[in-house]
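Read the structure below first, then the notes.
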Amino acid sequence: MTLDLTVADAAEKPAKTLPDAQTVTAVTHWTDTLFSFRVTRPASLRFRSGEFVMIGLPGDNGKPILRAYSIASPNWDDELEFYSIKVPDGPLTSRLQHIQPGDQIILRPKPVGTLVLDALLPGKRLWFLATGTGLAPFASLMRDPETFERYEQVIMMHTCRTADELTYGRELVENLKNDPLLGELYGEDFAKRLLYYPTTTREESPLMGRITDNMTSGKVFQDLGLPPMDAETDRAMICGSLAFNVDVKAVLEGFGLREGANSDPKEFVVEKAFVGEGV
């Protein structure tokens with residue numbers, strides 16, 4: 001299920017007064033549990049692709065309900081894009097999933113985060129490892145030319161329960177592979193530099209299994225024709241639930257990679273402010 005709404009589709013709405021207000025410009029409902037939306041970008045906002053900001057809506061008591069959301073759009077975009085789950089009883093997403101173009105949300109323009117290129121040492125290959133909406137920061141980084149200036153290959157590993165839940169990421173990667181600007185910048189072989197490895201864990205699909213299992217078994221390396229991870233050449237970023245982050249971190253450390261930070265670049269980094277269940 002994909003349903004797109006834009007500002008032109010929405011009836012004109014009265015202006016609202018919210019602190020740090022930004023206007024919703026488009027909404028896409030990908031499934032019953034996943035949606036993305038775009039909002040206006042504050043003129044003063046500068047961010048590094050991969051960072052997150054606090055966004056939210058007023059609660060019943062008038063106080064804002066805020067959560068950390070990775071910016072899915074690249075730092076050169078005129079608007080900001082976000083990718084979210086829908087939680088029926090979630091304090092924020094139970095409300096946020098009903099926004100329409102023309103509505104306003106609260107956006108605190110103070111970006112932070114660990115999933116930035118500067119937090120990694122130079123390398124040859126960059127692995128993006130995500131489950132569910134943890135894809136969001138990588139949607140930003142995959143659309144940033146600097147990523148491909150720093151790395152010869154970028155591998156997007158994304159795991160969801162069902163194939164429909166992979167749609168947002170799949171369409172994004174397919175569009176990037178066919179982007180004429182990127183093709184002009186990096187040549188006809190650009191599509192070979194961006195590798196996509198989507199798997200499901202519940203629904204039968206061409207590729208199955210958890211990211212941790214596909215890495216430890218070596219299946220992903222065999223399927224993509226790549227050598228096993230090596231600290232000399234491979235770098236990685238992780239974004240998912242806390243349990244996922246812990247498990248993948250252990251796998252990467254098993255390959256000899258070390259966790260880094262903005263102030264101490266190493267071979268991999270982990271995003272700890274992930275919007276997951278209960279939001």
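Annotation note: Cβ proximity below 6 Å between a residue of the range 235-249 that is farther than 13 Å from Phe268 by Cβ and a residue that is open to solvent by 10 Å² or more (accessible area, probe 1.4 Å) and assigned to a loop (DSSP other than H, G, I, E, B) (sequence gap 6+ or interchain) occurs for Ser241/Gly276. Applying the set (1) aromatic (Phe, Trp, Tyr); (2) open to solvent by less than 30 Å² (accessible area, probe 1.4 Å); (3) modelled with pLDDT under 95 to Tyr168 leaves exactly one unmet item: (3).
Among the residues in the range 176-191, are any modelled with pLDDT under 90, over 21 Å from Pro74 (Cβ atoms) and either loosely packed, with under 15 Cβ neighbours inside 10 Å or in contact with a strand residue (DSSP E or B) (Cβ under 8 Å, 6 or more places away or on another chain) (or both)? Explain how you work it out, then say what you get.
Of the residues in the range 176-191, the ones modelled with pLDDT under 90 are 177-191.
Next, from what is left, pick out any that are over 21 Å from Pro74 (Cβ atoms): 188-189.
Cutting the leftovers down to either loosely packed, with under 15 Cβ neighbours inside 10 Å or in contact with a strand residue (DSSP E or B) (Cβ under 8 Å, 6 or more places away or on another chain) (or both) gives us 188-189.
Yes; the residues of the range 176-191 include at least one that is modelled with pLDDT under 90, over 21 Å from Pro74 (Cβ atoms) and either loosely packed, with under 15 Cβ neighbours inside 10 Å or in contact with a strand residue (DSSP E or B) (Cβ under 8 Å, 6 or more places away or on another chain) (or both).
The helices (runs of 4 or more DSSP H) located wholly in the range 146-246 include none with 3 or more residues which are hydroxyl-bearing (Ser, Thr, Tyr). Within the range 113-126, the set of residues being at pLDDT 95 or above and outside any helix (DSSP H, G or I) comprises Leu115, Val116, Leu120, Leu121, Pro122, Gly123, Lys124, Arg125, Leu126.
Within the range 127-140, does at least one residue satisfy the condition of being in a loop (DSSP other than H, G, I, E, B), touching a residue at least 24 places away in the same chain (Cβ under 8 Å) and surrounded by 18 or more Cβ atoms within 10 Å (Cβ to Cβ)?
no
Within the range 15-35, can one find any residue that is among the basic types (Lys, Arg), at pLDDT 95 or above and open to solvent by 50 Å² or more (accessible area, probe 1.4 Å)? No, the conditions are met nowhere in the range 15-35.
Can Ser217 be described as open to solvent by less than 50 Å² (accessible area, probe 1.4 Å) and hydroxyl-bearing (Ser, Thr, Tyr)? Criteria not met by Ser217. Which residue is surrounded by the fewest Cβ atoms within 10 Å (Cβ to Cβ), if the candidates are limited to the range 59-82 and must be among the aromatic types (Phe, Trp, Tyr) and part of a strand (DSSP E or B)? Residue satisfying both the conditions and the ranking: Phe82.
If you go through the range 262-279 and pick out every residue that is farther than 30 Å from Ser94 by Cα and exposed (fewer than 12 other Cβ atoms within 10 Å of the Cβ), you end up with 2.
If a residue has to be of a type outside the set (Val, Ile, Thr) and over 23 Å from the mean Cα position of the chain (by Cα) to count, how many in the range 216-256 make the cut? Steps first, please.
First, pick out the residues of the range 216-256 that are of a type outside the set (Val, Ile, Thr): 217-219, 221-232, 234-237, 239-245, 247, 249-250, 252-256.
So of that shortlist, the ones also over 23 Å from the mean Cα position of the chain (by Cα) come out as 217-219, 222-223, 225-228, 230-232, 254-256.
The number of residues fulfilling the criteria is 15.
So Leu257 ticks every box in (1) in contact with a strand residue (DSSP E or B) (Cβ under 8 Å, 6 or more places away or on another chain); (2) outside any loop (DSSP other than H, G, I, E, B) but one. Which box is left unticked? Here Leu257 meets the rest and fails (2).
Among the residues of the range 143-150, at least one is acidic (Asp, Glu), at negative phi and surrounded by fewer than 17 Cβ atoms within 10 Å (Cβ to Cβ).
Residues are listed down the side, and each one gets a yes or a no for (1) under 26 Å from Glu165 (Cβ atoms); (2) touching a Gly at 6+ places or on another chain (Cβ under 6 Å); (3) modelled with pLDDT of 95 or more; (4) surrounded by 19 or more Cβ atoms within 10 Å (Cβ to Cβ):
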{"site": "Asp213", "(1), (2), (3), (4)": "yes, no, yes, no"}
{"site": "Leu226", "(1), (2), (3), (4)": "yes, no, yes, no"}
{"site": "Ala243", "(1), (2), (3), (4)": "yes, no, no, no"}
{"site": "Leu252", "(1), (2), (3), (4)": "yes, no, yes, yes"}
{"site": "Glu259", "(1), (2), (3), (4)": "no, no, yes, no"}
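The values are calculated or read from the model by the stated rules, or taken from the named source; none is laboratory data. Fair warning: this is a prediction, and the values are worked out from it, not measured in the lab. So basically every Cβ, Gly included, is an ideal-geometry build from the backbone, and we count neighbours across all protein chains shown. For the accessible areas, the whole protein counts, side chains as well, though only heavy atoms, and no ligand, DNA or RNA atoms are used. Shrake-Rupley method; radii C 1.70, N 1.55, O 1.52, S 1.80 Å.
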